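Peer 1: Sending over a structure as structure tokens; questions will come in a sec.
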Amino acid sequence: MGSVAVGAMVVGTSLLVVFALAMATLETQVEESLAQIEASAEPLTQFTIENANNVDGAVVSFTINNGGTGYSPGQVVVNGSTGSFLANLEISGGVVTGLDVLNYGSSYLYTPSLYFLEITGPNTGTNLNISATVGKLVYTNITNDGSNDIDTDFAWLFTDGGAPINLSQGIDGYSQNTIFPGETFELIYDVSNVTATRIAVTIDGITKASRVI
């Protein structure tokens, strides 16, 4: 009788262990299923390519050959031209060290092949020498239509099927940005003197295309 009771206790204990293991496995499976449901329920990234435009004869690069001396805050334009290029001087100790470009301009002729920039308005500095090269740019605006933030480091743009560029890499160099819901992000980039016809933008596995005009 005693051995029967012991056997029953062993069987009962074994069943409890099996039941506990089964419950733990079931709980794990339920948690994984809920996580998959939550992940699939996350809103998809939504965006619109508002426009894509070729700009010919824009200033695509500049070189500070001589930063001069004694300069105060001011602006530069293309020498002897009525074009729309405009940039603020970046100055350190009276020496021009860089430019903050406000407008890259357009329709500058390719002859001469090299332009020079000049101060607009009075300034106390002397000997500034900045050369500039013209070429082709593409301007595009992308709007975040969804509820997720878009990190430009993880967004890519293709021009006419060529190698992609990161949306953080524009004409001004690398600059990581977050496009918040409802915001429109402008990207300006150099197309190496080629007229673009079509662009495609890929964000979070979603790709949209637009004609470049």
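Read-outs: derived from the displayed coordinates by stated rules, not from any lab. Everything quoted here is computed from the prediction, not taken from an experiment. No Cβ is skipped: glycine too gets one built from the backbone with ideal geometry, and neighbour counts run over all protein chains shown.
Peer 1: So if each residue of separation counts as 0.36 nm, and I subtract the Cα-Cα distance between E90 and N127, what length gain in nm does that give?
Peer 2: Stretched fully, the E90-N127 segment lengthens by 11.8 nm.
Peer 1: Okay, next question. Report the net charge of residues surrounding A132, where surrounding means a beta-carbon distance below 14 angstrom and charges are Lys +1, Arg +1, Asp -1, Glu -1.
Peer 2: Taking every other residue near A132 into account, the sum is -2.
Peer 1: Counting only residues 5 or more places away or on other chains, whose amide H sits under 5 Å from the amide H of E90 once H atoms are built in the peptide plane?
Peer 2: Those lying under 5 Å, H to H, from E90 are T97, G98, L99, D100.
Peer 1: Related question: Run the simple label-point estimate for T184 and D172 please: 7 Å along Cα→C-beta, distance reported in nm.
Peer 2: 1.8
Peer 1: Right, next: List, in order, the whole-Hz ³J(HN,Hα) value for each residue of the range 130-141 obtained from phi through the Karplus relation with A = 6.51, B = -1.76, C = 1.60 and θ = phi - 60°; use x for Gly and Pro.
Peer 2: Once rounded to whole Hz, the list reads 10, 9, 9, 10, 9, x, 10, 10, 10, 10, 9, 10.
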